[in-house]
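A.B. asks: What follows is a single structure, and I will ask about it in a moment.
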Amino acid sequence: MDQTGVAAETRKSPWGLAAPAAPTCSLVDVMSEQLARQLDEENNTLPTLAEPGADLLSSDEAPDTTSDLMLAQMLQMQFDREFDNQLRREEKKFNGDSKVSISFENYRMVHPYEDSDSSEDEVDWQDTRHDPYRAEKPQTTPRKGFTGKGKNITTKHDEEACGRKNTARMDNFAPEVHVGDGVGMDLKLSNQVFNSLKQHCHSEQRRSAKLHEKKEHSTAEQAVDPRTRLLMYKMVNSGVLENINGCISTGKESVVFHADGGSLEEQPVPDEVVLKVFKTTLNEFKNRDRYIKDDYRFKDRFSKLNPRKIIRLWAEKEMHNLARMKKADIPCPQVVLLKKHILVMSFIGKDHIPAPKLKDAMLGFEDLKAAYYQVLHMMQQLYQECNLVHADLSEYNMLWHEGKVWLIDVSQSIEPTHPHGLEFLFRDCRNVSTFFQKRGVSEAMSVYDLFNAVTGLDISVGVEDEAKFMAEIVVLEKRNEDHVQKRGKKTFPVASEDAGPPLQPDADD
Ligand code: ADP
Ligand code: MG
């Protein structure tokens with residue numbers, strides 16, 4: 001940015017007027033930041049003058065034009081922001097304390113401004129195959145991380161090189177974002193300016209995605225943060241989803257949306273799908289740590305990850321577990337797509353109406369009995385064939401659809417060799433037998449019999465003493481853990497030994 005150039009050339013500028021009008025506070029901010037950068041640049045010019053790579057782009061193009069262009073863009077953004085702030089104030093004044101409020105949202109220039117600047121917090125595009133911001137054109141810094149010799153070493157952090165790289169990256173902005181002819185000039189775009197433009201570009205994309213949305217989404221939208229919303233919009237924009245219709249359930253750990261499926265290359269997307277959005281507020285997940293941190297499949301990764309990534313691990317875990325279940329033909333949702341902390345899967349239900357939970361399903365006696373046997377069989381399959389324990393099995397996580405029980409909500413499911421695997425299984429058994437017994441299914445086994453029937457173990461149940469039964473279970477778990485540590489093998493019977501090496505995605509997924 002050429003601050004002095006701007007001051008001297010104001011008269012020539014296409015924006016005209018000598019404009020002695022008192023600059024607004026925020027303009028001063030913008031300019032002083034530029035001045036700081038300018039001074040910085042001047043300090044750095046000495047060593048970089050000798051830099052041989054500098055001849056790639058001639059430096060005699062008028063810097064004032066460059067500055068004007070950038071200044072105009074900055075001013076425009078500043079203006080938009082201030083306009084929005086004003087609008088927000090008017091909206092507040094207009095609505096006052098009224099219970100019914102009018103939203104001025106549609107008049108805003110810049111849509112909800114994400115406040116974070118940190119790249120860690122920015123939506124990352126790493127797993128997008130077509131990374132719109134990937135630098136393709138500018139010269140790259142070699143692997144060793146620097147070019148040149150001795151005093152003339154230029155690292156990848158070199159301001160000029162970075163600036164040019166940033167300018168070239170503008171070319172990768174979405175087509176509807178007009179970046180002018182800046183790309184063709186020797187324009188050195190500071191990281192700060194580039195990030196502002198990038199943010200503006202995000203906002204624009206969100207705004208255009210928003211136009212395709214129906215009004216009633218707005219309530220559901222409130223349940224997810226802007227970053228999640230952006231990911232959801234991207235799914236609509238990329239055609240994976242036709243439409244996101246609304247929220248089915250808001251739980252402590254997740255929000256579930258109904259959506260119309262679109263198409264995804266190589267894979268047909270079901271007509272109706274759900275998006276299970278794992279909440280990125282972590283508090284609720286704290287007490288669930290033990291499900292994942294002791295699961296050897298995720299153990300090592302868990303300790304290395306930051307909280308945001310741990311949430312993604314939950315979604316990933318649900319995906320892997322569902323895939324195993326599908327393979328064993330257990331009725332459960334079919335995974336369509338996993339995108340960060342959003343899991344897209346088939347919808348259990350019809351015409352936008354979700355199947356009722358077993359707890360709410362109005363079942364006749366025969367259906368209830370059938371449901372019981374299905375659940376028993378599913379628990380056995382889950383344990384024996386999928387090598388899994390649901391760990392949150394109850395009438396809340398089973399749906400009744402097309403005369404069948406469907407299992408859902410398996411993000412916390414673990415393998416029986418988990419240090420507390422059998423305890424979780426016992427709890428599942430208790431929920432299941434209590435539910436069916438209360439509903440009058442006389443065939444429903446006691447929790448102890450059910451546990452043995454599922455595991456194939458033969459823990460003595462003569463006493464029917466829960467404390468003793470649990471003690472036996474804990475002994476088994478302990479013995480198994482010792483065994484695993486010594487030999488890497490499980491002792492109590494589980495049919496499937498196919499779990500594969502730790503930390504690898506399940507072979508069957
Ligand atoms: P949570 O961990 O919040 O309990 P669940 O996976 O149990 O998440 O989903 C919450 C609710 O959303 C379920 O009780 C069910 O009513 C609904 N739901 C979840 N997945 C589906 C699905 N695939 N099809 C239909 N409804 C679903
Ligand atoms: Mg649930």
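The values are calculated or read from the model by the stated rules, or taken from the named source; none is laboratory data. As the structure is a prediction and not an experimental result, all values here were calculated from the model. Here the Cβ positions follow ideal geometry from the backbone for every residue, glycine too, while neighbour counts run over all protein chains shown. Keep in mind that these areas ignore ligands, DNA and RNA; they rest on the heavy atoms of the full protein, side chains included. Shrake-Rupley method; radii C 1.70, N 1.55, O 1.52, S 1.80 Å.
A.B. asks: Calculate, in nm to one decimal, what Ala453 and Gln334 gain on full extension: separation in residues at 0.36 nm each, minus their alpha carbon distance. Before the final figure, lay out each step's value.
C.D. replies: Numbers: separation 119, 0.36 × 119 = 42.84 nm, distance 2.75 nm.
Result for the pair: 40.1 nm of gain on full extension.
A.B. asks: At a 10 angstrom cut-off on C-beta neighbours, averaged per residue, how do the peptides 87-100, 316-329 rank from highest to lowest?
C.D. replies: Values: 87-100: 10.0, 316-329: 20.6.
Ranked from most to least packed, the peptides come out as 316-329, 87-100.
A.B. asks: Expected output is a single nm value to one decimal: the length gained when fully extending between Phe79 and Asp271, i.e. 0.36 nm times separation in residues minus the C-alpha distance. What is it?
C.D. replies: 64.8 nm
A.B. asks: Let me ask you something else. Check Gly246: other-chain or 5+ apart residues with amide H under 5 Å from its amide H, H built from backbone geometry?
C.D. replies: His258
A.B. asks: Can you tell me the length gained on complete extension of the stretch Glu90 to Asp482, counting 0.36 nm per residue apart and subtracting the Cα distance?
C.D. replies: In short, 134.4 nm is gained.
A.B. asks: State which entries of Lys359/Lys468; Lys252/Lys340; Lys309/Lys478 exceed 21 angstrom in Cα-Cα distance in the structure shown.
C.D. replies: Details: Lys359/Lys468 30 Å; Lys252/Lys340 18 Å; Lys309/Lys478 30 Å.
Over 21 Å apart, Cα to Cα: Lys359/Lys468; Lys309/Lys478.
A.B. asks: Working with all protein chains in place, sort Leu264, Leu231 by solvent-accessible area computed with a 1.4 Å probe, largest first.
C.D. replies: Ranked from most to least accessible, the order is Leu264, Leu231.
A.B. asks: Tell me, what is the per residue accessible area of region 304-361 in Å², probe radius 1.4 Å? The partial results should precede the final answer.
C.D. replies: Working: 2260 Å² over 58 residues.
Result: 39 Å² per residue.
A.B. asks: With a 1.4 Å probe and all protein chains left in place, how much of the accessible area of region 374-448 comes from carbon and sulfur atoms, in whole percent?
C.D. replies: On the way: 1140 of 2380 Å².
After summing per-atom areas, the C and S share lands at 48 percent.
A.B. asks: At 7 Å along Cα-to-Cβ for each site, give me the label-to-label distance between Tyr373 and Asn106 in nm.
C.D. replies: Label-label distance for Tyr373 and Asn106, simple model: 5.8 nm.
A.B. asks: Right, next: Could you list the GluC sites (Glu not before Pro) in region 335-432 that lie in coil according to DSSP, counting only those with at most 16 other Cβ atoms within 10 Å of their Cβ?
C.D. replies: Details: sites: Glu366, Glu385, Glu395, Glu402, Glu423; in loops: Glu385, Glu395, Glu402.
Answer by residue number: Glu402.
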